[in-house]
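In what follows, a single structure is set out as structure tokens and then discussed.
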Amino acid sequence: MRYQISGKHIDIGESLTAHVKAEIGEVAAKYAERPTEANITFSKDAHEFRCESTIHLSTGLTVAAEGRSTEIYDSFEKCSNKIEKQLRRYKRRLKDHHKDRATPVEVMGASAYILASEDAESSNEPESLQPVIVAEMEMKIQSLSVGEAVMQMELTDEPVLIFRNEGHKRLNVVYKRKDGNIGWIDPTNLK
């Protein structure tokens, strides 16, 4: 497995790097079959340290978590515990998913934009209805079954996931509802 361990505006030492590799390697070997890459980033946010990690699995699925604490090692431990909990929860499904799928998950590229938010307190009316684009980035849309999409959304702890449905090749959306359930949007071509 490839590791990319870095710090944003902070220096992480060899000791922390070795600790991270050992812990992530142990968790990944225990619960995930053949993880390919782990990205762990440390940053300082006011008085807290923040650890963000993303592990890419050979099946094309991704696991992501974040941990915060006043101590850098503790922030990593919280992040590692979240990853371990997610992988433990989905261990059987991840292995079943890997058996059924002969090839990795297909992905297609898309553009994603971050739009400037409207200032709600401002009494000025907007000059136009065109939103102001703050950033543009590349996004990957995976080709998954609905069950895999729900699992991927929960593994990355995201509120929404856009995916291409393997059954009919149209774009679909799964999302977390306020009532705790999962919503699924499957547009049809009505004529």
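Of note:
- For the range 14-62, the set of residues classified as of a type in the set (G, A, S), at pLDDT below 90 and more than 18 Å from the chain's Cα centre (by Cα) consists of G25, A29, A46, listed by residue number.
- Exclusive hit being loosely packed, with under 11 Cβ neighbours inside 10 Å and either on the phi > 0 side of the Ramachandran plot or at pLDDT below 85 (or both), set A112, A116: A116
- Residue match in the range 40-61 (condition: in contact with an Asp or Glu (Cβ under 8 Å, 6 or more places away or on another chain) and farther than 27 Å from L161 by Cβ): yes
- Residue count, the range 1-32 (criterion: under 18 Å from K82 (Cα atoms) and part of a loop (DSSP other than H, G, I, E, B)): 1
- Close pairs (7 angstrom Cβ cut-off, 6 or more residues apart or separate chains): within 13 Å of V63 (Cα to Cα) in the range 150-161, hydroxyl-bearing (S, T, Y) and outside any strand (DSSP E or B) anywhere: M151/Y90; L155/Y90
- On the stretch given as the range 67-76, residues that are touching a residue at least 60 places away in the same chain (Cβ under 8 Å) and closer than 22 Å to R89 by Cα total 1.
- Within the range 62-77, not a single residue is at positive phi and crowded, with 18+ Cβ neighbours inside 10 Å.
- Hey, L94 closer than 19 Å to A65 by Cβ, at pLDDT below 80 and either under 19 Å from the mean Cα position of the chain (by Cα) or in a loop (DSSP other than H, G, I, E, B) (or both) or not: yes
The values are calculated or read from the model by the stated rules, or taken from the named source; none is laboratory data. Just so it is clear, the model here is predicted, and its values are computed rather than measured. In this analysis, Cβ positions are derived from the backbone assuming ideal geometry, glycine residues included, and neighbour counts consider all displayed protein chains.
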